[in-house]
Amino acid sequence: MFNSEEAKLFSVRAAQGLCSHAYIVDGEEGIGKLDFALYCARTLLCTEKSKPCSYCESCRKALDNNHPDIFVIGRDKTASIADVREIIRRSGLKPNDGEKQIFIVCNAGKLRADSQNALLKIFEEPPESVAMFLLTESRSSLLPTVLSRGQRVHLDGMTDRELEETILNQYPNLDSATLKQVSEMSGGNLSKAKKLLSKETAATREKAEKLLFHVLSKNSYEVCAILAAPKHKREALQALLTELAALVAEAQKQKYYVKSVYLPVGGECAEKLKSAGKRALASIGEIALNGLASIDNNANLTALSSQLAIDFLRAAAK
């Protein structure tokens, strides 16, 4: 899932004995930070000359998520101070199978300050048999004292070619036009690409197209019905407004003859967009974005949905 160049570079450094004891791996959500850290762990623990070989006993255990010297912390929930203390305790023990113990801390940027400070014990006085990987979406969420003691690895995701090949392996019937658009929209992020191609996203996109069509048609009944359809669940309303904002943004680009990479709008919505005014589209997009910003702070989603319907219809009249 990650850019293979960083993986190759790590393998070269490992072969030269130039690996650090602590790495800070940053990159956006879904870019493959954990996959990269696990690749590095296999490289460090592999017993063959070409590392990672994927065939030795160590590599097989790692690929089966069953290696006794690889510890992944904070995958499902943010690591606590107790988890950090357990890392410190384990780091003082000898490895079970290989020459090193690998500790991978997911969502390290969400660690409390006391937990990050506790990790400094390993960062400052690392046992020779320990390697640690802190994974975070943003380096700025880590304390300066932690940042100064770890080697940074920034992941940009796959190249266009890598991503398209991976997508085609998983979606062999995908047409070339959609493949190209999904590749451009996901920016090397396989998780984003798979989400764009998911049935859930397709259903939400279709609903957003219907909503936009009825807003531009000034059909108040249908607009209210669609906004109420998510049954006032925050995630569903969030997804709907996100898709609507993206649709409007791409429609605006087309109005100004700017290249669009968003998946094409079809049917009656496409026809309605041709006659939609630039001012109306700008207002609809702004309302969608403001609605997104209000969702988390609004306890009454029924009232919010009703107000959104009113605002959308007013905007369409401009």
Query raised in the report: Restricting attention to region 9-27, which residues are in a helix (DSSP H, G or I) and either within 27 Å of the chain's Cα centre (by Cα) or of a type in the set (Val, Ile, Thr) (or both)?
Result: LEU9, PHE10, SER11, VAL12
Report task. From LEU190, LEU197, LEU163, LEU212, grab the single residue that is within 26 Å of ALA317 (Cβ to Cβ) and either buried (at least 18 other Cβ atoms within 10 Å of the Cβ) or in contact with a strand residue (DSSP E or B) (Cβ under 7 Å, 6 or more places away or on another chain) (or both). Result -> LEU212
Query - Single match in SER50, SER80 (criterion: loosely packed, with under 14 Cβ neighbours inside 10 Å, out of contact with any Gly (no Cβ under 6 Å at 6 or more places or on another chain) and small (Gly, Ala, Ser)) - result: SER50
Query raised in the report: Does CYS40 qualify as being assigned by TED's automatic domain parsing to the domain that holds LEU119 and more than 27 Å from the chain's Cα centre (by Cα)?
Result: no
Query raised in the report: Counting just the residues of region 109-131 that are over 20 Å from ASP69 (Cβ atoms) and hydrophobic (A, V, I, L, M, F, W, C), which one comes out surrounded by the most Cβ atoms within 10 Å (Cβ to Cβ)?
Result: LEU111
Query - region 216-237 residues that are modelled with pLDDT of 90 or more, paired with ones that are β-branched (Val, Ile, Thr) (beta carbon under 6 Å, 6 or more apart) - result: VAL223/VAL215
Requested in this report: Search region 266-302 for residues being more than 23 Å from GLU235 (Cα to Cα) and of a type in the set (A, V, I, L, M), and hand back the single one that is modelled with the lowest pLDDT.
Outcome: ALA270
Report task. Only one of these is farther than 16 Å from ILE88 by Cβ and either outside the structural domain of ASP69 (by TED's automatic domain parsing) or surrounded by 15 or more Cβ atoms within 10 Å (Cβ to Cβ) (or both): LEU155, LEU134. Name it. Result -> LEU155
Query raised in the report: Take the residues of region 138-158 that are over 16 Å from the mean Cα position of the chain (by Cα) and hydroxyl-bearing (Ser, Thr, Tyr): which is nearest to ARG13 (Cα to Cα)?
Result: SER148
Query raised in the report: Can you pull out the helices (runs of 4 or more DSSP H) entirely within region 56-171 that have at least 2 residues that are in contact (Cβ under 8 Å) with a residue 12 or more places away in the chain and within 16 Å of ALA41 (Cβ to Cβ)?
Result: 57-63, 81-91
**Report entry** Residue satisfying all of: in region 55-101; in contact with a helix residue (DSSP H, G or I) (Cβ under 8 Å, 6 or more places away or on another chain) and polar (S, T, N, Q); farthest from ALA22 (Cα to Cα) among these
**Finding:** SER58
Requested in this report: Report the residue count in region 10-43 for those that are surrounded by fewer than 19 Cβ atoms within 10 Å (Cβ to Cβ) and in contact (Cβ under 8 Å) with a residue 60 or more places away in the chain.
Outcome: 7
Requested in this report: Of the numbered conditions (1) modelled with pLDDT of 80 or more; (2) charged (D, E, K, R); (3) part of a loop (DSSP other than H, G, I, E, B), LYS207 fails exactly one; give the number of that condition.
Outcome: (3)
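The values are calculated or read from the model by the stated rules, or taken from the named source; none is laboratory data. Because the structure is a prediction, the values reported are computed rather than measured. Positions of Cβ are backbone-derived with ideal geometry, glycine not excepted, and every protein chain shown enters the neighbour counts.
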